[in-house]
Amino acid sequence: MINVKNLNKSFGQLHILKGIDLDISQGEVVVLIGPSGSGKSTFLRCLNLLEVPTSGEIRFENQLITDKNYDINKAREKMGMVFQHFNLFPHKSVLENITLAPIKVKKKSQADAERHALELLKTVGLEDKRDAYPSQLSGGQKQRIAIARALAMEPHVMLFDEPTSALDPEMVGEVLDVMKSLAKEGMTMVIVTHEMGFAREVGDRILFMDGGIILEQGTPDELFGNPKQERTRDFLSKVL
Amino acid sequence: MKIFDMFWEYRDYFFVGLKNTLLLAAIAVVGGFILGIIISLLRMSRWSILRFIGTAWVEIFRGTPMLVQLLIIHYGFATAFNIKFTVFESGSLTLILNSSAYLAEIFRAGIQGVDRGQTEAARSLGMTGPMTMRHIVLPQALKSVLPAIGNEFVTVIKESSIVYVIGAGEIMYQTNTIITMTYDGMTPNLIAAIMYFVLTFTLSKILNAFERKLSNRDKR
């Protein structure tokens, strides 16, 4: 579904991603872990071209999205993204946050968009917040709304950029629960996280990134149970 | 009281002036607002030629006296290129151009002050750049610079008095007419000052109320 070939990203002199190859298949839940500055978030943001790669190729559903002539908005409609800092639109109500893109981009009717939005609010357990503004919500609620907003575009893949890192500890669970049920429904997901327990439980494949490369990858049992690289063992011993 | 007597006696003159001042200011505010947004977007364009035009616009109109701009537009264009504007056209054009330059800088600050994450979230949903600007960035930017925009509107009302030198019949022009008729240099000017003060004071109160209403609705 997503095929990445020899992806490089530099910010000026700083070489962040050093040749990444990765194939993600339909329905797979891929979790990226690794120390800060290892390039996990940058890599994730390259997948929908929020960061433009310096070189390399990304294919999404067999379309070469890194091609200059490709209209990236077409791919982004099918790639939902959830951010560390939620990035809800503060001047719009919860319902407007969720329906804006379906109405403007997918040209859905307002009634259709709202019906779908209310369904999504139910699945994230916040149907009573439809008319609230983001400032009236807790962090965990904001992030669940942000997930609903991304799902409203009916994406084929969901990208999560440290979705629980900005949350108070007692709110982490409610967001992870929503993500777990998404995974169970077969959504293709790419997740950058520091929640190792969650990674182990939900991930089909764990990638350990360090220094701009994927140092080691495998099933959760392989990577957490029997890491091969010294660097991976060292990292896991510090975070587990 | 002499001031009331004079105001009443020459009320028709003052009301004509008031009407013209309000009309000039309203045209300048609306025109300057739209043009200001366009100029601020030029200043932040990804093409350097457009950035240059935007920057030059702002620097030229802010860096030269409005009186000179007015005289060039009204008399300069007429003699050099035979482009003849009416006094009202020249007056409103000058005010629009001038306030667009100040408003452009205000808008730029507001737009750049909107969190980058807002743009990223909108773009990640498949929204185009212009869509994102219109629905996400501009509404938040305008809200955050509302006080500064209000100040600029107040300034425009006061600065519109300059166009009396070309004879546009606004408050100051009418005031001067009355001065020549009455040989009283004090009272008509005092009346003019009071009229300007009532206009600007009312406007800033209205803007304050509007601002409060907006910020009550969605605090971040």
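The values are calculated or read from the model by the stated rules, or taken from the named source; none is laboratory data. Note that the coordinates shown come from a computational prediction; the quantities given were computed from them, not determined experimentally. As a convention, Cβ positions derive from the backbone with ideal geometry for all residues, glycine included, and neighbour counts pool all protein chains shown. What goes into the accessible areas is simple: the full protein's heavy atoms, side chains included, and nothing from ligands, DNA or RNA. Shrake-Rupley method; radii C 1.70, N 1.55, O 1.52, S 1.80 Å.
How high is the relative contact order of chain A? Use alpha-carbon pairs under 8 Å, at least six apart in sequence, and give a whole percent.
27 percent
Could you tell me what percent of the accessible area of chain A is made up of carbon and sulfur, with a 1.4 Å probe and every protein chain present?
So the carbon and sulfur contribution to the accessible surface is 45 percent.
Pairs to check: A:Lys108/B:Lys213; A:Lys107/B:Lys213; A:Lys108/A:Lys129; A:Lys18/A:Lys180. Give those whose C-alpha atoms are more than 29 Å from each other in this structure. If you can, show how the numbers build up before the last one.
On the way: A:Lys108/B:Lys213 31 Å; A:Lys107/B:Lys213 31 Å; A:Lys108/A:Lys129 22 Å; A:Lys18/A:Lys180 31 Å.
The answer is A:Lys108/B:Lys213; A:Lys107/B:Lys213; A:Lys18/A:Lys180.
Nearest 20 debye, what's the magnitude of the dipole of the protein assembly as shown about its Cα centre given +1 on Lys and Arg Cβ and -1 on Asp and Glu Cβ?
620 debye
Note down the magnitude of the dipole of chain A about its Cα centre, charges +1 on Lys and Arg C-beta and -1 on Asp and Glu C-beta and zero elsewhere, to the nearest 20 debye.
The calculated dipole for chain A is roughly 620 debye.
Give a residue-ordered list of calculated ³J(HN,Hα) values for segment A:29-36 (Karplus: 6.51 cos²θ - 1.76 cosθ + 1.60, θ = phi - 60°; whole Hz; x for Gly, Pro).
Residue by residue, segment A:29-36 yields 10, 9, 10, 9, 10, x, x, 4 Hz.
To the nearest 20 Debye, how big is the dipole of segment A:1-95 about its Cα centre, given +1 on the beta carbon of each Lys and Arg and -1 on that of each Asp and Glu?
Computed about the Cα centre, the dipole is about 260 debye.
Working from the pairwise distances between different alpha carbons, so that the mean of 1/r is found and then inverted, what is the protein assembly as shown's Kirkwood radius in Å?
Result for the protein assembly as shown, one decimal place: 26.1 Å.
Compare B:Ile96, B:Ile106, B:Ile72 in a GNM of chain B, Cα atoms joined below 10 Å, and give the one with the largest fluctuation.
Looking only at B:Ile96, B:Ile106, B:Ile72, the largest GNM fluctuation is found for B:Ile72.
How large is ³J(HN,Hα) for each residue in segment B:184-201, as worked out from phi by the Karplus curve 6.51 cos²θ - 1.76 cosθ + 1.60 (θ = phi - 60°), to whole Hz, x for Gly and Pro?
10, x, 9, 4, x, 5, 4, 4, 4, 4, 4, 4, 4, 4, 4, 4, 5, 5
Apply the Karplus curve 6.51 cos²θ - 1.76 cosθ + 1.60, θ = phi - 60°, to the phi angles in segment B:127-141 and return the couplings in whole Hz, x for Gly and Pro.
So the J values, rounded to whole Hz, are 6, 6, x, x, 4, 4, 4, 6, 8, 10, 6, 4, x, 6, 5.
I'd like the accessible area for A:Ser10: 1.4 Å probe, protein heavy atoms, all chains in place, Å² to the nearest 10.
Only protein atoms counted, so the area is about 40 Å².
For the pair A:Ala166 and A:Lys5, what calculated FRET efficiency results from E = 1/(1 + (r/R0)^6), where r is the Cβ-Cβ distance and R0 = 41 Å, to the nearest 0.05? Walk me through the numbers on the way to the answer.
Details: r = 32 Å, r/R0 = 0.79.
So, using R0 = 41 Å, E works out to roughly 0.80.
With a sphere of radius 13 Å drawn around the Cβ of B:Asn151, what net charge do the other residues whose Cβ falls strictly inside it have (Lys, Arg +1; Asp, Glu -1)?
With Lys, Arg at +1 and Asp, Glu at -1, the neighbours total -3.
With point charges of +1 on the Cβ of Lys and Arg and -1 on the Cβ of Asp and Glu, referenced to the Cα centre of chain A, which listed residue (A:Leu121, A:Val30, A:Ile65) lies farthest in the positive direction of the dipole?
Value computed over the given set: A:Ile65.
Express the accessible area of the protein assembly as shown per residue in Å², computed with a 1.4 Å probe while the remaining protein chains stay in the model.
Using a 1.4 Å probe on heavy atoms only, each residue of the protein assembly as shown averages 48 Å².
Taking H as built 1.01 Å from N, whose amide H comes closer than 5 Å to the amide H of A:Ile213, not counting residues under 5 places away?
A:Lys18
Grab the Cα-Cα distance for B:Leu22 and B:Ile206, subtract it from 0.36 nm times how many residues apart they are, and report the gain in nm with one decimal.
Roughly 64.7 nm would be gained on extension.
Let me check against my output: what whole-number percent is the relative contact order of chain B, with C-alpha pairs under 8 Å and at least 6 apart? Before the final figure, lay out the partial values.
Values: 230 pairs, mean separation 65.4, N = 220.
Computed over chain B, the figure is 30 percent.
Rounded to the nearest percent, how much of the accessible area of chain B (1.4 Å probe, protein heavy atoms only) is carbon and sulfur? Could the numbers behind the result be given before it?
Working: 7820 of 11630 Å².
Result for chain B: 67 percent of the exposed heavy-atom area is carbon or sulfur.
With a 1.4 Å probe, how much accessible area is buried between chains B and A, both sides summed, in Å² to the nearest hundred?
2000 Å²
Return the percentage of antiparallel bridges among DSSP beta bridges fully within the protein assembly as shown, rounded to the nearest 5 %.
55 percent
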